[in-house]
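Data block below; observations after.
The values are calculated or read from the model by the stated rules, or taken from the named source; none is laboratory data. Note that the structure is predicted; figures quoted are calculated from it, not measured. Backbone-built Cβ (ideal geometry, glycine too); neighbour counts: all protein chains shown.
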Amino acid sequence: MKLILSIFLLASFLEASDDSARILRAIALVESGADLRAVGDGGLALGAWQIHAQAWEDANAFREAMGLPKLSRSRWREAGVQEGVAKALFSVLAARLQRVGVRSPTPGQIALCWNCGFAGAQARGFRLNPYARRVEGLVKTF
């Protein structure tokens, strides 16, 4: 079962759907105005997607599980590195949502997890906050 899930996740990661690309674009716009050089939270959140160290580690663990190389946080200024981590983190969050029974995570649910962390989103009962609603609205306009 784990192998089947891994194959499914790898396929969805490597061939990111138009939906996931739109969601990631909307998240980058809300997080930083899609500024690849953005630094937030007192230097803790980096890049267009404002990725914190723990989220970066989670994304790299996913990449490793899929047989892909880790992407060093020291290379965060590189667009391709940021995008690779963002795609992996998207897959991590979608899988976590699915494991708790959310069969088809919405853009708002993914955004909520991105903004609050998975545990924070779960503590809210996955009720959308203004950030998640803003991402959801942008996705609809793309």
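See the values below:
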item	result
Trp49 vs. criteria under 22 Å from Asp35 (Cβ atoms), in a helix (DSSP H, G or I), in contact with a Leu (Cβ under 9 Å, 6 or more places away or on another chain) and modelled with pLDDT of 95 or more	no
Matching option when the condition is of a type outside the set (D, E, K, R) and under 20 Å from Asp18 (Cβ atoms), among Ala79, Ala45, Ala65, Ala61	Ala79
Breaking point among (1) among the aliphatic types (A, V, I, L, M); (2) surrounded by 14 or more Cβ atoms within 10 Å (Cβ to Cβ); (3) modelled with pLDDT under 95, for Leu3	(2)
Looking only at segment 102-142, and only at residues there that are hydroxyl-bearing (Ser, Thr, Tyr) and in a helix (DSSP H, G or I), the one that is farthest from the chain's Cα centre (by Cα)	Thr141
Members of segment 105-119 found to be small (Gly, Ala, Ser) and either within 15 Å of Gln50 (Cβ to Cβ) or out of contact with any Leu (no Cβ under 9 Å at 6 or more places or on another chain) (or both), listed by number	Ala111, Gly117, Ala119
Filter pass, Leu24 being in a helix (DSSP H, G or I) and touching a residue at least 24 places away in the same chain (Cβ under 8 Å)	yes
Any hit, segment 109-128, residues being free of Cβ contacts under 8 Å to residues at least 60 places away in the same chain, closer than 19 Å to Asp18 by Cα and surrounded by 14 or more Cβ atoms within 10 Å (Cβ to Cβ)	yes
Residues being within 16 Å of the chain's Cα centre (by Cα) and not in a helix (DSSP H, G or I) - total across segment 71-101	2
